[in-house]
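Encoded as structure tokens, the structure appears first; notes follow it.
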Amino acid sequence: MSTPSNTVPGSPLESQVTAPAVITASRRMYWSVRRELWEHRSIYIAPLAAAAVFLLAFLTGLTLSAAHRHEPLDIPYEFAAALIMGTGFIVGIFYSLDALYGERRDRSILFWKSLPVSDLTTVLSKLAIPLVILPLLSFAIAVVTQFVMLLLSSAVLLGSGLSVGTLGARMSFFHMSLMLLYHILTVHGLWYAPIYGWLLLVSAWAPRAPFIWAFLPPFVIWGVEKIAFRTSHFLGMLQYRLTGPVPSTTTARSGNLMEMMSALTPVQFFSRPGLWVGLAVAAIFLAAAVRLRRYREPI
Amino acid sequence: MGCIEARGLRKAFGTTIAVDGINVRVEEGRILGLIGPNGAGKTTALNAILGLTSYEGELRVLGRDPWTEREKLMRDACFIADVAVLPRWMRVWQALDYFAGVHPRFDRAKAEGFLAKTTIGRASKVRELSKGMVAQLHLALVMAIDAKLLVLDEPTLGLDILYRKQFYDSLLNDYFDRSRTIVVTTHQVEEIQDVLTDVMFINRGRIVFDCSMEEFESRYLEVTVNPEQIAAARALKPIHERQVFGRSILLFDRVERQQLAALGDVRTPSIADLFVAVLSNQSGAAQGGAR
């Protein structure tokens, strides 16, 4: 996420220059994202902790099954990925709700606004965290975790004298990683954009308790629709948004999300109207959040 | 072109009028003190100047409209809102990195130089610093920016006298160079009297007094009047009279010094005394009008 020119802001060469340095938009964006990572360390600590806990549990299970000479476990690679990505998703929700609310609550918005960084850059950098940084980070951590699992299970199996052949029967590691990346880029990076857009909008607007403001309105809309029209289109819409862009016919309860994703080719994915409607809604939410940040004062 | 030019600047919050059509022109190279009671509209006026709030009327700051061009304005202007707004989680090196990263006029070496004179460590978090040290840090960051306009809104609120004095000393010695403009609001008026080049009083959203310090010193005189001469002194139409330890202190506008010297001890009044005089006359006039 950094280009070489970005990484040397404090070099002696630059500080001796008396003429104002040219600060490009991408550099302002880079530093804005970096400052989010400084402030919200849970962005990388939480997925790392999830991976560590999972590996510990996995290792325990592996040792126990090897000790009792059981058949090797069906190695839960997908479960590892789901756990880490789920953690990332939850962190993303809480991050987004606090992103534009916290700076108003602690009055630091006055400090940030004293610098030549536009509201648009600030809001986009805060959107980049759940939409780009968290998914990519979760992906990297998930792949490393899966690789460690592969090594651990190979070692334990070899040590216990059981056949290693069963491991090879699984989907190849490379293919699995590729599927995971595809899932991350499509679902977390694009499909969920309106969700994060909504959370950022609430975060920019809420006079207090952004969490309640984010979750109460959908609940009320669902209730009103249910009572007044005896329908649940809104709930269906939310479900569609949360479960991903998979045709409902193939949403068998048994299948897991990533396997279903493999059924959806990029062409199919990008031709789904739901994707484009979602992105348009996200753009509207974000434009409103940018405008609100300009008008809102410290709480 | 003035550094700040406002004509008919107005801002209302609902039915409350915070700034009521003020006209201001601040030239380059001035240090303006904006003095007013709580709720007078100082902060609202400054927020409008800094692009933090929308407004009615005309306003140009460094030739820009602050509301629509805040980002560009902040390359040439900077402000300290008050000592409590530095993000508490931030470490000193992060603040330096970030400023160097986003501000085209930030001189990191200069900021490091200012910090070297303090006891602030690079790895310290803002939350670990005392209030005085946070003010020092913020000032070091801001003074390292080669800005044309610096706005300080109660920058020394809650600091002890040592830090307050140090704050204004370094501002004058290490920063101000006649090509910059500084606008400052504070309640500790007497501490900045020698610092200012201009003074402006604001009350109920209006500018009620505006003059340069040279004019202030030549126009206004305060006399501790000898008791036997009080009638003669009052005949010269003082703009304000107060009692201290049983003696009358009278404030005069445009009265010859020699004339006053005959009545008692003459000295230049403090801004605070003139402020009280101007404001009490104003409220007296308002009551008179109501009657």
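The values are calculated or read from the model by the stated rules, or taken from the named source; none is laboratory data. As the structure is a prediction and not an experimental result, all values here were calculated from the model. Every residue, glycine among them, receives a Cβ derived from its backbone with ideal geometry; neighbour counts consider all protein chains shown. With ligands, DNA and RNA removed, areas are computed over all heavy atoms of the protein, side chains included. Shrake-Rupley method; radii C 1.70, N 1.55, O 1.52, S 1.80 Å.
A few points about this structure:
- Computed accessible area, A:Trp205, all protein chains, 1.4 angstrom probe, square angstrom: 100 Å²
- Taking other residues whose beta carbon is less than 11 angstrom from the beta carbon of B:Thr44, and scoring Lys, Arg as +1 and Asp, Glu as -1, yields 0.
- A:Met176 contributes an accessible area of around 10 Å² to the protein surface, as traced by a 1.4 Å probe with all chains present.
- In this Cβ point-charge picture (+1 for Lys and Arg, -1 for Asp and Glu), the range B:134-291 has a dipole of about 620 debye about its Cα centre.
- 23 Å Cα-Cα threshold exceeded, pairs from A:Lys126/B:Lys42; B:Lys42/B:Lys110; B:Lys11/B:Lys131; B:Lys42/B:Lys148: A:Lys126/B:Lys42; B:Lys42/B:Lys110; B:Lys11/B:Lys131
- Among B:Phe176, A:Leu199, A:Val224 - extreme Cα towards positive end, dipole of the protein assembly as shown, charges at beta-carbon: A:Val224
- Span-like helix ranges in chain B, DSSP H, alpha carbon extent 15 angstrom or more, Kyte mean at least 0.0: B:92-102, B:131-143, B:271-290
- Estimated at 0.36 nm per residue, the fully extended path between B:Ser54 and B:Arg127 surpasses their Cα-Cα distance by 23.1 nm.
- Cα centroid of the range B:103-167 to Cα centroid of the range A:30-53, whole Å: 28 Å
- Cβ-placed point charges (K, R +1; D, E -1), dipole of chain B about Cα centre in debye, nearest 20: 640 debye
- Sequence of A:Trp222, A:Trp31 from largest to smallest accessible area, 1.4 Å probe: A:Trp222, A:Trp31
- Prolate is the label for the range B:1-133, because a/c, from the alpha-carbon gyration tensor with a ≥ b ≥ c as root eigenvalues, is 1.5 or above and a/b exceeds b/c.
- Probe 1.4 Å - accessible area at A:Tyr295, Å² to nearest ten: 100 Å²
- Each stretch of four or more DSSP H residues adds -39500 (n - 2.57); spread over every residue of the protein assembly as shown, this sum gives -16000 deg cm²/dmol at 222 nm.
- Signed unit charges on C-beta, dipole axis of the protein assembly as shown, positive-most listed residue B:Leu73, B:Ile239, B:Leu62: B:Leu73
- Gyration tensor (alpha-carbon) shape descriptor, the range B:148-210, a/c threshold 1.5: oblate
- Only the Cβ atoms of Lys and Arg (+1) and of Asp and Glu (-1) were treated as charged; on that basis the dipole of the protein assembly as shown about its Cα centre amounts to roughly 1200 debye.
- Taking all protein chains together and a 1.4 Å probe, the residues B:Asp177, B:Asp65, B:Asp194 rank B:Asp194, B:Asp177, B:Asp65 from largest to smallest accessible area.
- Counting only protein chain heavy atoms and rolling a 1.4 Å probe, the accessible areas of A:Lys126, B:Lys11 rank, largest first, as B:Lys11, A:Lys126.
- The range B:17-71: C-alpha gyration tensor shape, a/c 1.5 cut-off, then a/b vs b/c: oblate
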